[in-house]
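This report concerns only the one structure given below.
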Amino acid sequence: MGAPAVGPWRWVILLVRTAVCFLSFGIIKSMGVFIDEFVEYFECSTLAAGLVVSLPFTIGMVTGIFTGVLLRIMGTKLLMIFSGAVFSVSLIIAAVVSTTFVHIALCFVACSFGFSIMQTVSVAVLLQYFPDNFASMNGVSLTGGPLGMMVVPPVVQQLIQLYGWRGALALFGAMSANFCVFASLVRPLRTRNSYKPIADGEPSSTTNPPPNESLWDNWRQRFGAMCEEIDLQMFFDEPGFVTTQIINFVEGILFFGWHIYLIPNGIALGFNETRSSFLATFAGFGTMFGRILSGFLIDHGLVQEHNLFAVSSFLLALVCFLDPIAAPSYEAVATIATLGGFFFGVIYPLLMVLSVNFPEERRVSALSWMFLFSGFGLSAGGFIIGWIYDVTGDYGVAFCTMGVFSAIMGVLSLTLRPTCFPCKTQDLEKD
């Protein structure tokens, strides 16, 4: 059973997902600019600052596993608007009222719930509209991420110099309100199952219970439906699912550790703040090409997903090991940043492709678990890499550690089975 025909509006959905990626990854990358500001203002360690700047993208990921339930209750458009508003308002409050490290941490935790839901729903909507070539369209939409990485961090660095970290963070929050604008372009679809749209006016499965049904029976059915959406059984009866979640966790460590400490690494090497912030631009340039290439190779059957993932992981490990050698030269560090961005650009979209290598009715649940485990990895990455720098005083050691993590991720990916996704519509109809 394939997704219904949605006509040309699918290209608007692709644009929405691309815009969400532009803002999301631009904000993630720019958080590295705030680390030194937080260390100085709050008189904290790099470990603590790295952990706090990871909070807007991590703690709330636990809500991702409830996305299927929330979609049934609120619908796609309303849920995306709500999550965008939570993200934006939380950042503005953090900028305006935070006087202690605890205050800003709590605001960032609230911010993370909006971020988590926005990411999960935007991927799920893209999967609805592009069931046959998800890998390519996912890669295309994710090119918005590196564009954000190239554009946003240098702008944020200038905003901090002009208005201080509070002013820059408040403007960040105002810019994030565009999430709500993007969400308004999503057609009001509700879901019959985890991801299949129901046309407007069609009866929904969330209609009120019969009058003779007790309140206890009603809540018991709702709880059962929630457990079904979370789908814990996947850990036991889907081959490779546990390994996939371990890979998601390790990739989260690498992704956040590499991206938020790339700019502080440049500053520690003696480059000025402006030149260091442009390292994010070089990384974004490489990432954009990596994301386009990964989807093209997969959808044209030129290479298996798990093999491409493994090769990219091993090459990323090599790039991380070369970082200390490149340290004296800005040109060499910029080249390393570009290559690292390219391999991250290949790896990140493949996480989503690997996460939908399961039966059709379980794909949104699998995506939700992917964001949950990668979110835990993001938080661990900010903590671990910051701790290594505090202990050693050398980002070179931290980057070599990330190289080890990347090699481990590559080995794990080789144990996965070849993916059977994307499925062709005609094959689904035969079923």
Inset, instruction - For Thr274 paired with Leu15, estimate the spin-label separation in nm (one decimal), with each label point 7 Å from Cα along the Cα-to-Cβ line. - result: 3.5 nm
Inset, instruction - Go through 33-41, 86-94 and give me the packing order, highest mean Cβ count within 10 Å leading. - result: 86-94, 33-41
Inset, instruction - Order Trp258, Trp9, Trp387, most accessible first, counting only protein heavy atoms with a 1.4 angstrom probe. - result: Trp387, Trp9, Trp258
Legend entry - Extension gain, Val242 back to His300 (0.36 nm per residue minus Cα-Cα distance, nm): 18.1 nm
Inset, instruction - Along Cα→Cβ, 7 Å out, is where each label goes; now give me the distance between the ones at Val181 and Val404 in nm to one decimal. - result: 4.6 nm
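The values are calculated or read from the model by the stated rules, or taken from the named source; none is laboratory data. Since the structure is predicted, the reported quantities are computational estimates derived from the model, not experimental observations. Because the Cβ atoms are built from the backbone with ideal geometry, glycine has one as well, and the counts that use them run over all protein chains shown. Areas reflect the complete protein model, heavy atoms only, side chains present, ligands, DNA and RNA absent. Shrake-Rupley method; radii C 1.70, N 1.55, O 1.52, S 1.80 Å.
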